[in-house]
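K.L.:
This is the structure I have questions about; it appears just below.
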Amino acid sequence: MDLVQHIKPIIDWLHFHPGYAGVFTFLISFAESLAILGLIVPGSVVMSAVGTLVGAGIIPAYETMGWAALGAIVGDILSFKVGYYYTDQIKEIWPFRKYPQMIASAEDFFDRHGGKSIFLGRFVGPMRPIVPLVAGMMRMNKIRFYIPCVIAGILWAPAYMLPGMFIGAASQQLAPETATRFLITVLIVLTFIWLTAWFFKWLISKVIDVADKGMDIVWHYLKNHRNTRWICILLQDPLNPKGHGQLTMAIVAVIFIGLFISIYYSTLHHGFFTLLNQPVHQLCRNIHSAFMTKVMILITFVGYKYVVGFVSLAVFSWLVLKKNYRAAIHWLFVSVTVIFSVLLLKHFIYSPRPGGLLDASSVDSFPSGHTTLSVAIYGFFAFLIARNFSHASQRKYIYSFFIALCLLIMTSRVYLGAHWLTDVLAGSLLGLIIVFLAVISFKRAISPKLKLKGLITVAFLTLLACMPWQITHNYSEMLQIYTPYWPSYSANLDSWWHQPNDNTPLYRPNRIGQPVEFMNVQWVSSLSTIQNNLQKEGWKIIPKMSLIDLINRVASYNDEDHLPILAPLYLGKPPILTAVNYSSENRILILHLWASNIEFTDSNLPLWVGTLTYQLPRSHKFWLHKKYLQNLKEFDAPPDELKPFLRGFKYHTLKYDADKKPPHIPAYEWQGGVIFVMPNSR
């Protein structure tokens with residue numbers, strides 16, 4: 001008996017006893033919100049798993065969300081009461097006695113955010129069970145606690161369940177037995193992720209401790225031996241002469257150099273690191289939207305060479321003016337080194353940029369200059385600011401901000417199609433290497449702290465002045481350049497009807513460019529004529545979904561609501577027409593049509609290409625359909641199912657050789673061929 005058969009009775013029982021599922025959900029969210037117990041219970045993972053069962057239709061949606069919200073609210077209130085009435089004893093109870101930093105970090109969080117911490121803490125994993133306890137210990141006003149507690153609890157439940165609900169709903173697009181295995185796999189994977197995250201968190205803390213002790217031993221060994229003492233003298237930080245931070249940074253820089261060389265070699269020889277280049281590029285093309293392109297262009301301007309160059313010049317001038325010569329020299333080193341290293345590498349490495357843009361740059365792609373420049377300049381700028389703060393938590397926020405900024409710039413370069421993934425990875429490594437070298441050198445001598453107000457003001461005002469100029473002069477051009485380009489073709493109508501050429505698509509790729517669906521419909525007619533004809537024949541036209549429609553679709557038990565949540569894409573666009581036919585009791589026909597990018601030289605009628613596929617009516621007991629795939633093979637080919645609805649049109653079917661079939665497309669789909677449709681009047 002396989003795992004599906006073991007789990008089936010549990011799922012079956014939950015389906016027929018949804019009330020118990022609500023009680024279970026309440027207990028999990030309640031336990032996850034309690035102080036101490038909430039640190040152990042993997043509530044977030046379990047809530048995602050519950051959401052998966054909701055999306056699959058096994059348990060009801062709104063009732064389950066209500067139970068989850070109620071459990072969270074009750075758990076928070078109880079934790080608040082415990083903290084309120086046992087203020088003095090809390091710190092003497094395990095685990096707070098052994099790990100006092102847990103309370104300290106929650107108190108720090110509470111001090112920084114005040115009353116907002118009740119709301120924010122609900123969505124921050126480590127703080128969730130502790131913040132209500134600390135609020136009680138601090139004797140927070142009860143009304144001020146209850147209001148954000150209730151609001152956060154109501155919002156938290158759907159927020160943590162929705163991802164799982166979408167996964168569960170998406171599973172309904174699979175074959176029933178496959179869907180069962182998929183759902184069980186999701187539940188197992190979620191549990192595995194929690195266990196893995198917990199294990200790696202524990203492991204990383206141990207590794208850091210061991211590495212810290214190991215580096216300390218290495219540092220003392222180097223320092224106490226004549227032949228290696230020069231290394232310590234070269235790296236030693238006078239502010240922390242016994243510390244090994246400089247040595248650690250140097251070793252990390254060497255590791256990054258090795259990684260950079262590996263990516264460089266892989267780029268030259270199309271090796272391991274380039275395997276994700278094309279899938280990531282295709283994904284970005286397929287999720288492209290006009291709004292996101294505008295946002296990404298603005299982000300990429302922050303790392304543009306002229307913008308960063310003027311910021312660098314302004315900061316250097318300010319450092320010189322304030323007589324911070326040591327900082328100025330190192331700033332100049334970073335600026336000059338990053339420029340020459342990028343120019344040198346682009347000169348010696350031939351790496352064409354990704355295609356698919358209206359006006360692709362002819363400059364070599366490797367490494368990403370935007371990324372290298374941004375990581376180096378903004379990275380060293382972050383160091384100059386952070387060194388003025390003594391608390392690690394303050395430095396963490398500074399570094400986190402600039403890391404996020406650099407990650408956004410890197411993402412913008414890949415999203416816009418300006419660089420391959422390996423380009424930005426190599427650029428980030430090169431930038432970090434330069435920063436580490438500069439920081440190691442800078443810390444070898446004592447330098448006065450900088451006046452941060454002036455430094456930040458100069459940098460920010462320069463950036464603020466450059467961005468409008470950049471937007472005014474280059475935004476429209478960049479918007480045109482970074483618009484994804486899909487080639488168009490011309491054809492003769494009669495030639496298309498009798499002998500289609502290679503420009504007509506045979507399959508639809510998925511979002512990463514892999515063929516997933518046979519394009520078995522080619523239809524010449526106006527869209528309104530096609531739509532009216534299908535409606536007369538009993539087909540239902542599916543409108544575009546709003547957010548409310550999406551939520552209702554996930555929570556619905558109606559067969560017609562359970563179409564794929566993620567619209568299939570062709571040439572980066574969703575279908576222009578989706579129609580569904582429910583005339584058969586044992587299967588549903590789904591038709592998707594897209595513009596073909598093919599124009600006829602002898603006709604004004606457009607050519608639409610699409611997919612016609614089967615879907616079984618939704619069944620909560622999907623594990624009973626073990627012969628789903630076999631049943632599909634027994635159905636008529638999808639194009640044959642369309643023929644009875646084509647009154648007023650002429651059609652014929654063309655079958656293609658098996659050697660043209662991509663491996664992931666089922667044979668029974670391919671064998672049905674492509675149906676060509678056009679008006680009778682032609």
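Values in this text are rule-based calculations from the coordinates and carry no lab data. Note that this is a predicted model, so its numbers are computed, not measured. Counting neighbours? That spans all protein chains shown, and the Cβs are built from the backbone with ideal geometry, glycine included.
K.L.:
What is the spin-label model distance, in nm, from Ile251 to Leu654 if the labels are put 7 Å beyond Cα along the C-beta direction?
P.N.:
Computed distance between label sites Ile251 and Leu654 equals 6.5 nm.
K.L.:
What shape does the range 416-476 take by its C-alpha gyration tensor, where a ≥ b ≥ c are the square roots of the eigenvalues and a/c under 1.5 counts as rounded, a/b above b/c as prolate, and the rest as oblate?
P.N.:
oblate
K.L.:
Still on this structure, please answer the following. Could you list which residues have their amide H under 5 Å from that of Phe518, counting only those 5 or more apart in sequence or on another chain, with H placed in the peptide plane?
P.N.:
Arg508
K.L.:
Could you give each residue of the range 250-262 its phi-based ³J(HN,Hα) in whole Hz, using Karplus coefficients 6.51, -1.76, 1.60 with θ = phi - 60°, and x for Gly or Pro?
P.N.:
In residue order, the calculated couplings are 5, 5, 4, 4, 5, 4, 5, 4, x, 5, 4, 4, 5 Hz.
K.L.:
List the residues whose amide H sits under 5 Å from the amide H of Trp608, counting only those 5 or more places along or on another chain, with H placed 1.01 Å from N in the peptide plane.
P.N.:
Answer set, sorted by chain and number: Trp523, Val524, Ser525.
K.L.:
For a quick protection proxy, order the peptides 128-139, 365-376, 504-515, 596-607 by their average other-Cβ count within 10 Å, most packed first.
P.N.:
365-376, 128-139, 504-515, 596-607
K.L.:
Using the Kirkwood radius over Cα pairs, work out the Stokes-Einstein diffusion coefficient for the range 322-402 at 25 °C and 0.890 mPa s, in µm²/s as a whole number.
P.N.:
163 µm²/s
K.L.:
Moving to a separate point now. Computed FRET efficiency, Cβ-Cβ of Ala445 and Asn510, R0 56 Å: what is it to the nearest 0.05?
P.N.:
Efficiency, rounded to the nearest 0.05: 0.50.
K.L.:
Once you put a point 7 Å from the Cα of Arg326 and another 7 Å from the Cα of Val207, both along the Cβ direction, what distance in nm separates them?
P.N.:
3.4 nm
K.L.:
Could you state, as a whole-number percent, how many of the C-alpha pairs of the range 195-332 are farther apart than 21 Å? If you can, show how the numbers build up before the last one.
P.N.:
Values: 6855 of 9453 pairs.
Tail fraction, whole percent: 73.
K.L.:
If you take the beta carbon distance between Thr337 and Asn680 as r and set R0 to 56 Å, what does 1/(1 + (r/R0)^6) give as a FRET efficiency, to the nearest 0.05?
P.N.:
Step by step, r from the Cβ atoms, then E = 0.20.
K.L.:
Then there's this: Want the number for His391 to Ile233: 0.36 nm per residue separation, take away the alpha-carbon distance, what's left?
P.N.:
Stretched fully, the His391-Ile233 segment lengthens by 54.2 nm.
K.L.:
Whole-Å semi-axes of the range 280-378's equivalent ellipsoid, largest first, each the root of 5 times a Cα gyration tensor eigenvalue?
P.N.:
That gives 31, 18, 9 Å for the three semi-axes.
K.L.:
Oh, and also: Non-local amide H neighbours of Glu599 (under 5 Å, H modeled in plane, Pro and chain starts lacking H): which ones?
P.N.:
Counting only residues 5 or more places away or on other chains, the set is Tyr489, Ser490, Ala491.
K.L.:
Ranked from highest to lowest mean number of other Cβ atoms within 10 Å per residue, what is the order of the peptides 647-655, 155-163?
P.N.:
So the peptides 647-655, 155-163, ranked by packing, come out 155-163, 647-655.
K.L.:
How far apart, in nanometres, would the label points at Trp486 and Lys453 be if each is projected 7 angstrom from Cα along the Cα-to-Cβ direction?
P.N.:
Computed distance between label sites Trp486 and Lys453 equals 5.6 nm.
K.L.:
If you don't mind, another one. Looking at the range 414-534, what % of the alpha carbon pairs are farther apart than 22 Å?
P.N.:
Numbers: 5204 of 7260 pairs.
Considering the range 414-534, 72 percent of its Cα-Cα pairs are separated by more than 22 Å.
K.L.:
Let me ask something additional. If the label point is 7 Å along Cα→Cβ of Phe348, which residues in the range 258-292 have backbone nitrogen under 20 Å from it?
P.N.:
Residues 258-271 qualify, since their backbone N sits under 20 Å from the label point.
K.L.:
Could you rank the peptides 209-222, 285-298 by their average count of other C-beta atoms within 10 Å per residue, with the highest value first?
P.N.:
The packing order, highest mean first, is 285-298, 209-222.
K.L.:
Which value, in debye to the nearest 20, describes the size of the charge dipole of the range 225-481 about its Cα centre when Lys and Arg Cβ atoms bear +1, Asp and Glu Cβ atoms bear -1, and nothing else is charged?
P.N.:
Working: 20 positive and 5 negative charges, 241 e Å.
Computed about the Cα centre, the dipole is about 1160 debye.
K.L.:
Working out 0.36 nm times the residue gap between Ser317 and Arg144, then minus their Cα-Cα distance, what length gain in nm do you get to one decimal?
P.N.:
This chain segment gains 57.3 nm when fully extended.
K.L.:
Measuring from a point 7 Å past the Cα of Ile576 along Cα-to-C-beta, which residues in the range 473-510 have an amide N at less than 19 Å?
P.N.:
484-494, 496-497, 503-509
K.L.:
Please report the Cα spread of the range 225-481 along all three principal axes, rounded to whole Å, starting with the longest.
P.N.:
58, 43, 33
K.L.:
I need the shape label for the range 185-275. Rule: rounded when a/c is under 1.5, else prolate if a/b > b/c, else oblate, with a, b, c from the alpha carbon gyration tensor.
P.N.:
Oblate.
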